Amino acid sequence: MTIALPGGASRNAGPILYGPEIKAVTDALLAGHYGHGPITERFETDLANYLGVPDVVCVATGTVAMQLALLTAGIGPGDEVIVPSLTFCSTIQAIIATGANPVFIEVDKSSLCVRADDILAAVTSTTRAVMPVLYSGRAVDLTGIQEHLNDSGIHIIEDAAQAFGSNLDGRLVGTNRRIMTCFSFGPMKNLTCGEGGAIVPRTPEQAEKLRRMRTTGIAQTLAQRAEATTYDVIGFGVRAHLQSMNAAIGSVQLANFDQARMIRQQLWHRYAAALADLPNVELTDVDIDHTVPFNCVVQIPDRNRIFHQMRAAGIGVGVHYPPNHLQPAFEQWTTSLPATEEIGQRILTLPFHPSLSSDDIDRVVAALHDALAG
Ligand SMILES: Cc1ncc(COP(=O)(O)O)c(C=O)c1O
């Protein structure tokens with residue numbers, strides 16, 4: 001039994017709830033587990049087993065996951081981090097929080113993901129990291145350049161906020177040992193904790209550092225601290241652990257993830273079939289057989305008018321994302337990115353969540369058809 005979220009076509013995004021999440025949160029509360037604790041640690045183990053990796057470090061959000069991953073890689077003031085402009089602003093905030101400079105690059109017009117050639121063209125002597133964004137959940141293939149980047153001392157830290165469960169030629173996102181992967185488990189994501197995030201580190205040393213940084217830089221574990229009169233603060237840290245109640249939601253979500261994958265892929269296929277007959281509508285190429293799609297983004301002419309017309313018709317459309325190189329806060333790093341600027345004028349996110357029915361999709365596509373007709 002799953003719980004349908006309210007909203008139908010008027011809602012832009014949202015997770016699937018299976019029901020036991022509610023009991024899991026109640027059980028955590030009744031057992032007295034609130035902050036970091038055994039429930040969080042079990043969720044980390046479940047995630048590591050699911051991915052088949054030695055370590056997963058859970059944190060409070062996907063944004064802080066990226067910030068801590070960058071810091072763990074030693075990224076700091078004066079370093080350059082190559083990143084697509086087309087992403088949620090938090091990717092950029094995570095970079096500038098370390099003191100590093102974002103170097104904005106273009107994305108491919110059909111997948112909306114970065115291309116290896118654009119990354120290589122942006123590399124300078126001060127490049128220390130590359131942050132591909134797995135747009136709509138699609139894995140980014142850097143196989144041809146990842147060794148070269150790593151050998152040049154450049155870290156690859158992927159923003160896989162939208163991509164939990166996707167794979168690249170059968171290899172799950174998060175399992176490439178050359179790449180640090182950051183997931184979000186926020187309210188709209190393929191797998192939700194309510195709010196949450198995780199990092200898949202590349203080495204045990206990185207895992208240890210991340211665990212320390214998420215708990216204010218204290219060297220001792222919680223169990224060790226319970227037995228001692230003092231503790232040692234041995235480095236920078238934030239207070240960004242994943243709370244037990246959120247981890248309890250995540251464990252239920254993970255146990256049922258195959259269903260989420262299937263529903264999201266089916267929804268995407270329904271949209272692809274229904275949109276095929278609409279002229280001037282380009283559906284993002286998500287490589288559906290390997291992707292657990294996070295959203296459904298189309299490119300259309302006259303986007304702003306169509307956005308407002310569909311909203312007036314009660315359809316929960318959105319825009320993901322206004323390009324970051326044009327944002328006031330990031331002005332000092334701005335550059336000319338003609339393709340991204342054009343995409344930014346053309347993208348429209350259609351309602352996409354597991355509670356959407358076939359009738360809802362027909363309604364969305366009919367409203368898009370009417371709006372395109374003027
Ligand atoms: C591409 C992308 N990056 C980063 C984030 C940030 O994740 P969180 O909201 O968990 O901080 C999100 C989600 O909002 C996202 O979609």
If the chain between Arg239 and Cys89 were fully extended at 0.36 nm per residue, the gain over the current Cα-Cα distance would be 51.9 nm
When the chain is treated as a Gaussian network with springs between alpha carbons less than 10 Å apart, the largest mean-square fluctuation among Ala65, Ala48, Ala274 is found at Ala274
Would you mind telling me the antiparallel percentage of the DSSP bridges in the chain, rounded to 5?
55 percent
Report the equivalent ellipsoid semi-axes for the stretch 257-373 in whole Å, largest first, defined as the square roots of five times the eigenvalues of the gyration tensor built from alpha carbon atoms.
26, 19, 13
Helix 38-51 sits off the longest principal axis of the Cα atoms of the chain, rounded to the nearest 10 on a 0 to 90 degree scale, by 60 degrees
Quick check: residue separation of Thr216 and Asp277 times 0.36 nm, minus the Cα distance between them. What number comes out in nm?
16.5 nm
Which value, to two decimals, describes the C-alpha radius of gyration of the chain once divided by 2.2 N^0.38 Å?
0.99
Hey, what angle do you get for helix 303-312 against the long axis of the chain, alpha-carbon based, 0 to 90 degrees rounded to 10?
90 degrees
Is it possible to state the helix-based mean residue ellipticity at 222 nm for the chain, with each DSSP H run of 4+ residues giving -39500 (n - 2.57), the sum divided by total residues, to the nearest 500 deg cm²/dmol? What is it?
-11500 deg cm²/dmol
Using alpha carbon centers only, the stretch 201-252 is separated from the stretch 1-57 by a whole-angstrom value of 19 Å
Taking amide H positions as placed 1.01 Å from N in the peptide plane, with prolines and chain starts having none, which residues 5 or more places from Thr127, or on another chain, fall under 5 Å of its amide H?
Glu80
Quick one: if you stick a label point 7 Å off each Cα along the C-beta vector at Tyr231 and Thr335, how many nm between them?
4.1 nm
Summing Lys, Arg as +1 and Asp, Glu as -1, what charge do residues with Cβ under 14 Å from the Cβ of Cys182 carry, Cys182 excluded?
0
The stretch 99-145: trypsin sites (Lys or Arg not before Pro) falling in loop per DSSP and having at most 11 other Cβ within 10 Å
none
Hey, what's the chain come to in accessible area per residue, 1.4 Å probe, Å²?
41 Å²
Inter-part gap, Cα centre of the stretch 285-316 to Cα centre of the stretch 77-120, in whole angstrom, is 23 Å
Compute the distance in nm between two label points, each set 7 Å from the Cα along the Cα-to-Cβ direction, one at Glu147 and one at Val319.
4.3 nm
What is the spin-label model distance, in nm, from Gln345 to Leu326 if the labels are put 7 Å beyond Cα along the C-beta direction?
0.8 nm
Apply the Karplus parameterisation 6.51 cos²θ - 1.76 cosθ + 1.60, with θ equal to phi minus 60°, to every residue of the stretch 3-8 and state each ³J(HN,Hα) to the nearest whole Hz, in sequence, with x for glycine and proline.
9, 6, 6, x, x, x
Accessible area of the chain belonging to carbon and sulfur atoms, whole % at 1.4 Å probe
52 percent
Acute angle (nearest 10 degrees) that the helix 62-72 long axis makes with the longest principal axis of the chain, alpha-carbon atoms
50 degrees
Each residue of the stretch 283-288 in turn: what ³J(HN,Hα) in whole Hz from Karplus with 6.51, -1.76, 1.60 and θ = phi - 60°, glycine and Pro shown as x?
7, 4, 7, 9, 6, 4
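The values are calculated or read from the model by the stated rules, or taken from the named source; none is laboratory data. Just so it is clear, the model here is predicted, and its values are computed rather than measured. Positions of Cβ are generated from backbone atoms using ideal geometry, with glycine treated the same way; all protein chains shown enter the neighbour counts. Side chains included, ligands, DNA and RNA excluded: accessible areas come from the protein's heavy atoms. Shrake-Rupley method; radii C 1.70, N 1.55, O 1.52, S 1.80 Å.
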